[in-house]
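To start, the structure itself, in structure tokens.
The values are calculated or read from the model by the stated rules, or taken from the named source; none is laboratory data. What you are looking at is a predicted structure, and each value in this text was computed from that prediction instead of being measured. With ideal geometry, Cβ positions are generated from the backbone for all residues, glycine too; neighbour counts draw on all protein chains shown.
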Amino acid sequence: MYEIRIHSRGGQGGVTAARLLALAAFRDGKYATACPFYGAERRGAPVVSYVRIDDRPIRVYSQIRNPDLVIVLDPSVMEVVDVLHGLKRHGKVLMNGTTTEKIHGAPAFAVDLTGIALREKLVIAGSPILNTPVLGALAKMGIISVDSAKSAIREMFSDERNVRAAEAAFQELVI
Amino acid sequence: MLTIATGNKAVAAAVKEVKPYVIAAYPITPQTEIVEQIAEYVTSGELDSRYIPVESEHSAMAACIGASITGARTFTATSSHGLLYMHEMVNWAAGARLPIVMANVNRAIGPGWNVWAEHTDAFQERDTGWLQVYVSTVQEAYDTTLMAFRIAEHADVILPVMVNLDGFLLSHSMQSLDTLNAGDFVPPLHLPHAIDVLNPAGYGTLTGPDEHFRFRWEIEKAMRRSRKVIAETERDFAERFGRSYGVAEEYRYEDADVVVIAMGTLGKEAEVAVDLLRNEGVNAGSLRIRWLRPFPDLDLSGREVVVIDRDYSFGFGGIIAQSLMARQRVDLYSVIAGLGGQEVTYDDIAGFVRERRPGTELWFGVNGNV
């Protein structure tokens, strides 16, 4: 089972990112669950969502303690949350941004999802949309296929700019 | 069609498939997505139902009662405080023998204010005459909602059915969902005592002690007959669609020396704990109780039992643990866990089994061995 924890702030689309990722994994023929953790937090507060991907039906509902991959959609949460907490020994980190210098002790990759969203004018209520471009980065990392990433985005959003943003993230992420 | 959906959306999709004539509802977290989705189906024309947005849950159930007595198929959904607010009408629906189907997204009762999973909300309605079933996956939520209509409306039952799913853990989790073309799996409703203007009759009038007593006995007879109807419905569902669940779902149960009993998502997570324990050489199994009413006949003889209650009756005990002890001589370890959405992992469940102390009760996480 491959377990992913997504860190973001309320309103940034972390929950939707989890759902898109689960949908893409499902379109790859895997079993997948997206379990957002709903706390008392509201817009702007640090939030986490979880995705599990497996070849067999998934029977776990509790929160992910030892993720294989941590996604940080908003690096500012690192000031208040230990995003590496419980990361598996060979676990990886995917950061939104231009640098991974704040991550120590784990292989980390950075891609400027915010910049991509702004370039594509993917902004809702003043917030850049990060959850569709991040799928492109995850496809580059081999967690989902490119085709499934695109079809998942198209199933949930009709605006093609979301697909273009994912393609840009795929190209820009250096592995 | 194969897709991916939340537990809430699965319930809504099943409701769309059986096409209730009337849906009356009031939103409440974490159930709101069910009635929002159904409202969208009705607005888009995908579902030809009368959707009544009401001013409270009490009115939601009252509207369902009014519609149901005309012989119309009806549905509503609620949770927690909403369910308790409609309590009077919940009783009325069963007493009036109306086959209403309701989804209840299990959530703790305040105060303190809490929106997370607990079964005490529905358990407070367990003596109303409703059938109650608890599900553990998105697919099961869909399948069970379909079956609930057929069971409720069956001529041998004619009682309301409540389909329960854990708040957030299932209501907001996305998993794969195979939506069905149900065909004639749920036949048209024929309510024997539906209002007929050509044959006027009295409804809800004063009944004396003898009639009241007889009506109660009729409810219990229907409840007893419902066991057979549930089994038949499950069998037919399995033949048509290839899935079945049983009144309680067994996992590595046959040769188990120690059995974990739980409900809802905890019952599913317990299966992972069983695998862990088996790898350690512990002959564990699990039993996920699905139907609370009618309560299943379980044969637990010769096994040790660890019961996890996501509920409590103050001054009495875990309600499932006490129910089992009332029905058979069994040495069980009663664990109270998961109230108000308390995090309980498969590791924790395996720990309950390893450290079991039959004859005692544990309040998990608060050093509460009593």
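Considering (1) under 14 Å from B:Y142 (Cα atoms); (2) surrounded by fewer than 24 Cβ atoms within 10 Å (Cβ to Cβ); (3) in contact (Cβ under 8 Å) with a residue 40 or more places away in the chain; (4) in contact with a helix residue (DSSP H, G or I) (Cβ under 6 Å, 6 or more places away or on another chain), the lone condition that B:E33 does not fulfil carries the number (1). Take the conditions (1) within 14 Å of chain A (Cβ to nearest Cβ); (2) within 24 Å of B:G112 (Cβ to Cβ); (3) part of a strand (DSSP E or B); B:S286 misses just one of them, which is (2).
Pairing each residue of segment B:1-23 that is within 12 Å of another protein chain (Cβ to nearest Cβ) with any residue that is part of a helix (DSSP H, G or I) and among the polar types (S, T, N, Q), provided the two are 6+ apart or on different chains, yields C-beta distances under 6 Å for B:K9/B:Q37. Taking every residue in segment B:170-181 that is aliphatic (A, V, I, L, M) and pairing it with any residue that is part of a loop (DSSP other than H, G, I, E, B), at least 6 positions away or on another chain, the pairs with Cβ-Cβ distances below 9 Å are B:L170/A:Y61; B:L170/B:A117; B:L170/B:V135; B:L170/B:S136; B:L170/B:T137; B:L177/B:M1; B:L180/B:M1. Would it be correct to say that A:I4 is of a type outside the set (F, W, Y), within 13 Å of chain B (Cβ to nearest Cβ), over 21 Å from B:G167 (Cα atoms) and within 14 Å of the chain's Cα centre (by Cα)? No: the conditions fail for A:I4. Taking each residue of segment B:187-212 that is of a type in the set (V, I, T) and looking for partners that are not in a loop (DSSP other than H, G, I, E, B) with beta-carbon atoms closer than 8 Å, six or more apart or interchain, yields B:T207/B:F215.
Against the definition (within 14 Å of chain A (Cβ to nearest Cβ), in a loop (DSSP other than H, G, I, E, B) and at pLDDT 95 or above), how does B:L191 come out, yes or no? It is false that B:L191 is within 14 Å of chain A (Cβ to nearest Cβ), in a loop (DSSP other than H, G, I, E, B) and at pLDDT 95 or above.
Checked against (1) farther than 19 Å from B:L165 by Cα; (2) within 10 Å of another protein chain (Cβ to nearest Cβ); (3) not β-branched (V, I, T), A:F37 passes all but condition (1).
Return a yes/no flag: does segment B:306-326 have any residue that is within 14 Å of chain A (Cβ to nearest Cβ) and at pLDDT 95 or above. Let's see the steps before the verdict.
Step one: of segment B:306-326, the residues within 14 Å of chain A (Cβ to nearest Cβ) are B:308, B:310.
With at pLDDT 95 or above added as a condition, the list becomes B:308, B:310.
The answer is yes; a qualifying residue exists.
When restricted to residues that are exposed (fewer than 15 other Cβ atoms within 10 Å of the Cβ) and assigned to a loop (DSSP other than H, G, I, E, B), segment A:142-158 contains 2.
The set of residues from segment B:168-198 being farther than 19 Å from B:A155 by Cβ and exposed (fewer than 14 other Cβ atoms within 10 Å of the Cβ) comprises B:N181, B:G183, B:V197, B:L198.
Exactly one residue among B:I69, B:I100, B:I109, B:I65 is closer than 22 Å to B:L165 by Cβ, touching a Phe, Trp or Tyr at 6+ places or on another chain (Cβ under 8 Å), outside the structural domain of B:G341 (by TED's automatic domain parsing) and in contact (Cβ under 8 Å) with a residue 24 or more places away in the chain, and that residue is B:I100. Quick check, is B:E271 buried (at least 17 other Cβ atoms within 10 Å of the Cβ), of a type in the set (D, E, K, R) and more than 17 Å from the chain's Cα centre (by Cα)? Taking the combined requirement at face value, the residue satisfies it.
Being within 21 Å of the chain's Cα centre (by Cα) and within 14 Å of another protein chain (Cβ to nearest Cβ) narrows it down to one of B:L131, B:L146, B:L170, B:L159, so name that one. Just one listed residue meets the conditions, B:L170. Taken together, the residues in segment B:324-370 that are buried (at least 20 other Cβ atoms within 10 Å of the Cβ) and either assigned by TED's automatic domain parsing to the domain that holds B:E125 or in a helix (DSSP H, G or I) (or both) amount to 9. Does B:A326 count as among the hydrophobic types (A, V, I, L, M, F, W, C) and free of Cβ contacts under 8 Å to residues at least 24 places away in the same chain? So B:A326 passes the test.
Scanning segment A:10-34 for residues that are more than 12 Å from chain B (Cβ to nearest Cβ) and in contact with a Lys or Arg (Cβ under 8 Å, 6 or more places away or on another chain) yields A:G10, A:G11.
Say whether the condition of being on the phi > 0 side of the Ramachandran plot, free of Cβ contacts under 8 Å to residues at least 24 places away in the same chain and out of contact with any helix residue (DSSP H, G or I) (no Cβ under 7 Å at 6 or more places or on another chain) is met by at least one residue in segment A:56-71. Break it down stepwise before answering.
Pass one, segment A:56-71, residues on the phi > 0 side of the Ramachandran plot: none.
No.
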